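Below: the structure, in structure tokens.
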Amino acid sequence: MLKYPKIVVFSILFSLFFLLNHSQAKSPESSSVFLNNINYSQETDFTRITIEISNPAVYHEKYLSNPDRIYLDIENTNLSGNIRPILIDNGVLKQVRTAQHDKDTARVVLELTRHADYNVTALTSPDRLAIDIYNGKPVKKAVKKETTKTQKSSHNFVKHIIVIDPGHGGKDPGAKGKSGLQEKDIVLDVGRRVKKLIEEKLGSDVVMTRDDDVFIPLGERTAIANKKDADLFVSIHVNSAPREGARGVETYLLGRATDKDAMDLAARENSTADKSSLDDLQFILTDLVTTVKKDESFRLAHYIQENLIDTLEPRYNTMNLGVKQAPFYVLVHTKMPSILAEISFVSNPEEERLMYEGKYRQEIAESIFDGIKEYLDATPLLAFPKEARK
């Protein structure tokens, strides 16, 4: 064994200690996010504000009244330069302005002319935050929904394969309401209703991951979709929260959770996955969020969420919780656009009461069907490679 003088050993240890601490001291700075730019685009039903950031970021949003405005605080983020206010003044949105709220937080403020619904979504490739400000409910939307029963889809000549995944089942009841209503029973019934609508109105093939009260592991649900070479994967769930007043509907796609509620929900829905699978989840996410499947899943989620709200909000004052991202294991390995819909809160006594009713379940099923149909109608045939080859 080689022997070194004590002074040499001490010098080496001191150098290592200095380098380690120096790198640790620099790590927060090196991991900070930069807000590089803000732009906007005007769509038919909404205005999209796009916040370009250098890396994924955690954000907090809040709606304020008198005057109406939305602000977004982005953590561990600095403005990369002087970002000028954007004047829009389109009848709903006045302007967007940005400031360095404190040394670790960038704030984006959207000034409104009146109350407006909105949704915030974190996107990747490149990293950005999208804020959609909705103009209201166009009349043409209501007309379209009345005619969906008789109109034939432009995709009727293509025999799509759509997988409907009723969550939980068997030994895994999912969430439970105070009166005893179980998630597994609600979503199976809604899933069967969606299947019937798709087969009758679109002529597509529908595969149910479960069509009975049986337990299917999360990984097997995905495997079913991939084995069938499906075009879409729609997982149906019922929400639950410790706060009894929590209510509404939300639709998820696979991604990094940007708020605690989304992370808690994913943890509950992932509870039956084995530990080794969950250990790989973050690694898989890093790869998957860069694929085109992410953008298509977002489009599908948007259509389904929009139809759920258009149907339920006027009749039941349902809250629009928006389109969000979270690391749901059941969505990880799918090779096709895939979403997870949380259709109501069984922990809310009023929404639990509604979910006992066949009429309410049918309205939810029709809304999910309408969202799927609108996605298919708006998606070019070339987005479905195996059909294009035929």
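Here is how the numbers come out for the structure above:
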| quantity | calculated |
| --- | --- |
| Residues being on the phi > 0 side of the Ramachandran plot, open to solvent by 20 Å² or more (accessible area, probe 1.4 Å) and touching a strand residue (DSSP E or B) at 6+ places or on another chain (Cβ under 9 Å) - total across the range 316-328 | 0 |
| K335 being modelled with pLDDT under 95 and farther than 21 Å from L129 by Cα | yes |
| Number of the condition not met by A301 [criteria: (1) closer than 20 Å to P126 by Cα; (2) part of a strand (DSSP E or B); (3) open to solvent by less than 10 Å² (accessible area, probe 1.4 Å)] | (2) |
| Matching option when the condition is modelled with pLDDT under 95 and in contact with a His (Cβ under 9 Å, 6 or more places away or on another chain), among D104, D132, D117 | D132 |
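Rundown of residues vs (1) closer than 21 Å to E342 by Cβ; (2) modelled with pLDDT under 95; (3) in a helix (DSSP H, G or I); (4) touching a Lys or Arg at 6+ places or on another chain (Cβ under 6 Å), yes/no style:
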| residue | (1), (2), (3), (4) |
| --- | --- |
| K137 | no, yes, no, no |
| K144 | no, yes, yes, no |
| K196 | no, no, yes, no |
| D213 | yes, no, no, no |
| F233 | yes, no, no, no |
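Residue-by-condition table, conditions (1) among the β-branched types (V, I, T); (2) part of a helix (DSSP H, G or I); (3) surrounded by fewer than 20 Cβ atoms within 10 Å (Cβ to Cβ); (4) at pLDDT 95 or above:
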{"position": "P314", "(1), (2), (3), (4)": "no, yes, yes, no"}
{"position": "V330", "(1), (2), (3), (4)": "yes, yes, no, no"}
{"position": "I343", "(1), (2), (3), (4)": "yes, no, no, yes"}
{"position": "L376", "(1), (2), (3), (4)": "no, yes, no, no"}
{"position": "L382", "(1), (2), (3), (4)": "no, yes, yes, no"}
{"position": "A388", "(1), (2), (3), (4)": "no, yes, yes, no"}
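For (1) within 21 Å of E357 (Cβ to Cβ); (2) surrounded by fewer than 16 Cβ atoms within 10 Å (Cβ to Cβ), each residue gets a yes or a no:
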site: I161; (1), (2): no, no
site: D165; (1), (2): no, no
site: Q182; (1), (2): yes, no
site: I186; (1), (2): yes, no
site: V190; (1), (2): yes, no
site: K196; (1), (2): yes, yes
site: E200; (1), (2): no, yes
site: S204; (1), (2): no, no
site: T209; (1), (2): no, no
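The values are calculated or read from the model by the stated rules, or taken from the named source; none is laboratory data. Not measured: the values here are computed from a predicted model. Ideal geometry is used to build each Cβ from the backbone, glycine not excepted, and the neighbour counts take in all protein chains shown. SASA here: full protein model, heavy atoms, side chains in, ligands and nucleic acids out. Shrake-Rupley method; radii C 1.70, N 1.55, O 1.52, S 1.80 Å.
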